[in-house]
Amino acid sequence: MSTRSAENKNSIFLVIIFIILATTAIIMIFALQTDEIKNMLQNDELVKILIVLQEDGVPISTDVLIYYPVSKRGALFDIPGNTGAIYSSIGRTARIDQVYVEKGIEVYNQEINKLSGTTIPFTFEIEINDFGKLTDLLGGLRVFVPNAIDYTSEDGKRYLIPSGAVNLDGDKIIDYLTCKLPEDTN
């Protein structure tokens with residue numbers, strides 16, 4: 001009789017654990033169903049997203065996308081990486097991209113919020129190689145290149161990109177974004 005009693009206790013204990021887990025799962029499903037972007041769109045609020053294109057932990061391009069659902073229009077603002085100021089998060093004067101390198105995306109977003117005078121609730125980080133793959137999946141990106149690029153870097157890599165409105169595949173878009181010409185100052 002003692003083994004049957006122990007089996008009943010174990011069964012009851014397992015049922016209680018299952019009920020607790022099921023209840024927790026149901027509560028979590030309902031509690032986590034808030035969609036901030038959906039709420040913003042329904043309330044006609046501006047949707048603001050910080051987009052950081054980075055390579056090996058260093059930002060190549062930082063943009064703020066602001067979308068207004070009522071007019072279905074948006075704006076894209078570039079944040080130059082060489083924007084210098086006294087940044088309290090790192091305790092010195094530096095370039096803003098140095099904040100990203102040292103402190104990460106959350107602190108970087110806070111400093112951009114201070115600079116822009118607005119709150120940007122969403123961030124989107126993408127590695128340059130993943131951006132190239134995404135470009136290939138989209139069938140390329142149409143880009144206006146003002147001057148043709150025919151340059152060989154010190155390490156022997158050749159950059160060859162025609163001028164005008166051109167459709168660049170993933171590898172070419174990476175080349176275009178990472179090419180540092182001698183006359184470029186950054």
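Averaging 1/r across all pairs of distinct Cα atoms in segment 141-186 and inverting the result yields a Kirkwood radius of 11.0 Å. Calculate how many DSSP beta bridges within the chain are antiparallel, expressed in % of all such bridges and rounded to the nearest 5. Here the share of antiparallel DSSP bridges comes out near 80 percent. Between the entries (1) 25, 19, 15; (2) 47, 23, 20; (3) 23, 20, 17, the label attached to semi-axes √(5λ) of the Cα gyration tensor in Å calculated for this structure is (2).
The portion of the accessible surface of the chain made up by carbon and sulfur, rounded to a whole percent, is 57 (1.4 Å probe; DNA, RNA and ligands excluded). Considering only ALA25, SER71, ALA94, the residue lying farthest towards the positive end of the dipole of the chain is ALA25, judged by Cα position with unit charges set on Cβ.
Measure nothing fancy, just the Cα-based angle from helix 2-31's long axis to the longest principal axis of the chain, in degrees from 0 to 90, nearest 10. Helix 2-31 and the main axis of the chain meet at about 40 degrees. Once C-alpha pairs closer than 8 Å and six or more residues apart are averaged by separation and normalised to the residue number of the chain, the relative contact order reads 15 percent.
Its Kirkwood hydrodynamic radius, worked out from the mean inverse distance over all distinct Cα pairs, puts segment 113-168 at 14.4 Å. Over all Cα pairs of segment 39-111, how is the pair count split among 10 Å bins, expressed in % and running from 0 up to the last occupied bin? Taking all Cα pairs of segment 39-111, the binned fractions are 19, 42, 25, 13, 0 percent. For each pair in LYS48/LYS180; LYS157/LYS180; LYS38/LYS72; LYS133/LYS157, compute the distance between the two Cα atoms and list the pairs where it is over 23 Å. Listed pairs above 23 Å: LYS48/LYS180.
Between ASP63 and ILE29, what length in nm is gained on full extension when 0.36 nm per residue of separation is reduced by their alpha carbon distance? List each step's numbers first, then the result.
Working: separation 34, 0.36 × 34 = 12.24 nm, distance 3.34 nm.
Full extension from ASP63 to ILE29 adds 8.9 nm.
From the Cα gyration tensor of segment 56-163, with a ≥ b ≥ c the square roots of its eigenvalues, which class applies: rounded if a/c is under 1.5, or else prolate if a/b is larger than b/c, or else oblate?
Cα axes put segment 56-163 in the oblate bin.
When the charge dipole of segment 133-186 is built from unit charges on Cβ atoms (+1 for Lys and Arg, -1 for Asp and Glu) and taken about the Cα centre, the candidate among THR152, GLY139, SER163 whose Cα reaches farthest toward its positive end is GLY139.
Accessible surface calculations at 1.4 Å, restricted to protein heavy atoms, place segment 53-137 at 58 Å² per residue.
The values are calculated or read from the model by the stated rules, or taken from the named source; none is laboratory data. This structure is a prediction, so every number in the text was calculated from the model and none was measured. Don't worry about glycine lacking a Cβ; one is built from the backbone with ideal geometry, like all the others, and counts go over all protein chains shown. Heavy atoms of the whole protein, side chains included, go into the accessibility calculation; ligands, DNA and RNA do not. Shrake-Rupley method; radii C 1.70, N 1.55, O 1.52, S 1.80 Å.
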